[in-house]
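Step one of this worksheet: look at the structure below.
The values are calculated or read from the model by the stated rules, or taken from the named source; none is laboratory data. Values in this document were obtained by computation on a predicted structure and should not be read as measured data. Cβ: placed from backbone, ideal geometry, glycine included. Neighbour counts: every protein chain shown. Note: accessible area is taken over every heavy atom of the protein model, side chains too, but ligands, DNA and RNA are not part of it. Shrake-Rupley method; radii C 1.70, N 1.55, O 1.52, S 1.80 Å.
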Amino acid sequence: MTTADDYQIQIALERGLLTADTVEQARQQVAGHTDLTSVPPNLKQLLVASGALDLKAVAEAIAQEFGMPYVEVGIHQIPGDVLGALPRSFVLKHGVCAVGWRDEALLVAVPDPLDVDVLDSLEHISGRRVIPCVMAEDDLHRAIARHYGAEGEGMEDLTGGDSGGAIVSSGSGDPTESASDAPIIRLVHTIINEAVRRRASDIHLEPLERRFRVRYRIDGVLVEVDSPPKREQLAIISRLKIMANISIAEKRVPQDGRIQVAFGGKQLDLRVSSLPTAHGESIVMRILDKEGLSLGLPELGFFKDDQTEIERLIGAPDGIVLVTGPTGSGKTTSLYGCLHYLNRPDRKIITVEDPVEYQLSGINQVPVRSEVGMTFASALRAMLRQAPNIVMVGEIRDNETAEIAINASLTGHLVFSTLHTNDAPSAVTRLIDIGAKPFLVAAALRATVAQRLVRSICPQCTRSYTPTSRELRALDLRPEQLEGAKFAHGIGCAHCGGTGFRGRMGIFEIFLVSDTIRTMIYENASAAKLRAQARQDGMRTMREDGVRKVLAGLTTIEEVVSVTVGDAD
């Protein structure tokens, strides 16, 4: 047992957080452990597992003992400038975590205030004044896993050994490649393969002043991995641009390309975007997995009642259904899920997208090419001459596209599209703001669906727990809602990379256009009035849908609070 463990138990005994009898019973249980197929239990771990030792209470006691601040990261994302103040390798080696700033000093959570070597090294490593602080041990482990990634997944691992069996097809057979290029090729392939293995949705390669940063977006959260040397920046970027079939000579303007990857028997597409910055070209690769498109409505996060409503809406012969939300909220995936549900041999479906992210079997997909005059509006106008039953427009951006989409819905087509608004009722006023006539919007619009994404609790390490009064107040939960609630969180495991989450689900707000609301749209009512009427009609807000999923043990209070706003009513 480590010195830190001993000291935590000693503090707990002195502060009355543990009894001597409890500790002695646990010691006897450890001593009598005879299962040779597993590691004998640690005394402190046994006390924690039995519920006798509260790690949060111990951390608060240690903070008082040493006069250190006690901190909780909670629902907040630690800013990137804070995370970058300590090298990732130092963080993983010593189990510390930079958590914030205080009067230009760096707050660093340390696992053991008695470890003077680590305390002495912090200011030297960071080059800043450091204030050590205390976090609950389990919270500290989760913060490190969430913001720095799991141990053993750094660039040291990425630069050597097998590439994981993935084959990068586009550009990998360039005859101009020499033997000296091989290390860079292996490094680039392994960065991509590691991202796919860790279920990342994006790979960010960012040139900074003194380093070349690599980050993966996993379940919506950016996780930094150890960076390759700054001197390899130009070679890595050039290699990726060759693979994506974009010009390596052009470094002054943004460029877009695509890479195809075979990984684990699956075909993946990587949408590549390069952007000139002050310290070189920044590369972002969006990983597009076609298997994610075959998700049914339940897998997207719809409960049975909402699923029934959505199926009724998309089963209509005509009208417009809009999906709203900010970038990265899963709008395209939801639309593809609806198209997958509707895709039958007796229906013709055409989409116009910028760009075509996924190629769907049985669906005609048209890419926007503004440079040759193929805009959303011109593509949509031409599509209607192809006699489709269902039309999907990637985004309604201007008056011309809005009017053509509305007219298409009024002439017997079912139209799907997206808008960038914060909630569902605001889509109506957004359409009118860009020039659509209120009486046409009232006649054509069937419903709008606003959505956000929250992380799902890892099924392998989910545990039930009792939330604090502060957490309950955050969602304004009433006593009657707590009856039968299944509050849960993930404690972190190998399956989820120590984060406690695996995958994401949607939370939704479905705004149905009733006869009363149709009259209000015709009279150009405000978004606030439309929202009030929809609430009277029974509309459930995103916050309320999120609460349902918290009470069902599917996600956490922190996740819902971080992506939704409180309901005014």
**OP:** Consider only pairs whose beta carbons are under 8 Å apart and that are at least six residues apart or on different chains; among these, list those whose first residue lies in the range 79-106 and is closer than 17 Å to P69 by Cα and whose second residue is among the hydroxyl-bearing types (S, T, Y).
**Re:** C97/Y148; A98/S126; L106/S126
**OP:** Find the residue count for the range 260-290, including only residues that are part of a strand (DSSP E or B) and more than 17 Å from P367 (Cα to Cα).
**Re:** 20
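Select from the range 205-237 the residues that are assigned to a helix (DSSP H, G or I), open to solvent by less than 30 Å² (accessible area, probe 1.4 Å) and of a type outside the set (V, I, T) and list them in ascending order. If you could, list the steps in order and put the result at the bottom.
Residues of the range 205-237 assigned to a helix (DSSP H, G or I): 230-237.
From what's left, open to solvent by less than 30 Å² (accessible area, probe 1.4 Å): 233, 236-237.
Selection gives Q233 alone.
Can you find a residue that is on the phi > 0 side of the Ramachandran plot and of a type outside the set (S, T, N, Q) anywhere in the range 348-358?
So far as the range 348-358 goes, no, none of its residues is on the phi > 0 side of the Ramachandran plot and of a type outside the set (S, T, N, Q).
Can you find a residue in the range 365-377 that is open to solvent by less than 10 Å² (accessible area, probe 1.4 Å) and more than 30 Å from the chain's Cα centre (by Cα)? I'd like the intermediate steps shown before the answer.
Within the range 365-377, the first condition is being open to solvent by less than 10 Å² (accessible area, probe 1.4 Å), and the residues that meet it are 377.
Imposing the further condition that a residue be more than 30 Å from the chain's Cα centre (by Cα) reduces the set to 377.
So far as the range 365-377 goes, yes, one or more of its residues are open to solvent by less than 10 Å² (accessible area, probe 1.4 Å) and more than 30 Å from the chain's Cα centre (by Cα).
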Original post:
Taking the range 13-23, which residues are modelled with pLDDT under 75 and either open to solvent by less than 60 Å² (accessible area, probe 1.4 Å) or more than 20 Å from A57 (Cα to Cα) (or both)?
Top reply: L18, V23
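Yes/no matrix, rows are residues, columns are (1) among the polar types (S, T, N, Q); (2) assigned to a helix (DSSP H, G or I); (3) free of Cβ contacts under 8 Å to residues at least 12 places away in the same chain:
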| position | (1), (2), (3) |
| --- | --- |
| Y336 | no, yes, no |
| R344 | no, no, yes |
| R347 | no, no, no |
| I350 | no, no, no |
| P355 | no, no, no |
Original post:
Residues D346, D269, D256, D318: which one is farther than 30 Å from G553 by Cβ, open to solvent by 20 Å² or more (accessible area, probe 1.4 Å) and in contact with a Leu (Cβ under 7 Å, 6 or more places away or on another chain)?
Top reply: D318
**OP:** Identify all residues within the range 293-332 that are closer than 24 Å to H413 by Cβ, part of a helix (DSSP H, G or I) and either at pLDDT below 85 or of a type in the set (V, I, T) (or both); write none if there are none.
**Re:** L293, L297, L300, T308, I310, I314, T332
Original post:
Residues of the range 418-438 being open to solvent by 10 Å² or more (accessible area, probe 1.4 Å) and either part of a loop (DSSP other than H, G, I, E, B) or farther than 16 Å from A525 by Cα (or both), which ones?
Top reply: H420, T421, N422, D423, I434, G435, K437
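Sort through R548, R543 and tell me the only one that's within 17 Å of L477 (Cβ to Cβ), in contact with a Gly (Cβ under 7 Å, 6 or more places away or on another chain) and touching a residue at least 40 places away in the same chain (Cβ under 8 Å).
On the way: R548 fails: in contact with a Gly (Cβ under 7 Å, 6 or more places away or on another chain).
Exactly one of R548, R543 is within 17 Å of L477 (Cβ to Cβ), in contact with a Gly (Cβ under 7 Å, 6 or more places away or on another chain) and touching a residue at least 40 places away in the same chain (Cβ under 8 Å), namely R543.
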Original post:
Of V284, V196, V272, which residue is under 25 Å from the mean Cα position of the chain (by Cα) and at pLDDT below 90?
Top reply: V196
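Just to check your reading of the model, which residue among S227, S247, S274, S238 is touching an Asp or Glu at 6+ places or on another chain (Cβ under 6 Å) and small (G, A, S)? Even if it seems obvious, please write down each step before you answer.
Details: S227 fails: touching an Asp or Glu at 6+ places or on another chain (Cβ under 6 Å); S247 fails: touching an Asp or Glu at 6+ places or on another chain (Cβ under 6 Å); S238 fails: touching an Asp or Glu at 6+ places or on another chain (Cβ under 6 Å).
Selected residue: S274, the only one of S227, S247, S274, S238 that is touching an Asp or Glu at 6+ places or on another chain (Cβ under 6 Å) and small (G, A, S).
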Subject >> Members of the range 382-400 that are open to solvent by less than 70 Å² (accessible area, probe 1.4 Å) and outside any loop (DSSP other than H, G, I, E, B) >> reply: A382, M383, L384, I390, V391, M392, V393, N399
**OP:** Could you check how many residues of the range 347-364 are closer than 20 Å to G412 by Cα and more than 27 Å from the chain's Cα centre (by Cα)?
**Re:** 6
**OP:** Could you tell me whether any residue of the range 47-56 is under 29 Å from V561 (Cβ atoms), at pLDDT 80 or above, within 32 Å of the chain's Cα centre (by Cα) and open to solvent by 40 Å² or more (accessible area, probe 1.4 Å)?
**Re:** yes
**OP:** Mind checking which helices (runs of 4 or more DSSP H) fall wholly inside the range 69-177 and carry at least 2 residues that are modelled with pLDDT under 80 and not basic (K, R)?
**Re:** 80-83, 137-148, 155-158
Subject >> Total residues in the range 83-100, condition surrounded by fewer than 18 Cβ atoms within 10 Å (Cβ to Cβ) and under 18 Å from A63 (Cα atoms) >> reply: 0
Original post:
Considering the range 242-267 alone, what residues qualify as being among the charged types (D, E, K, R) and over 26 Å from the mean Cα position of the chain (by Cα)?
Top reply: E250, K251, R252
Subject >> Inter-residue pairs, beta-carbon under 6 Å, first basic (K, R) and in the range 463-492, second open to solvent by 50 Å² or more (accessible area, probe 1.4 Å), 6+ apart >> reply: R463/I491
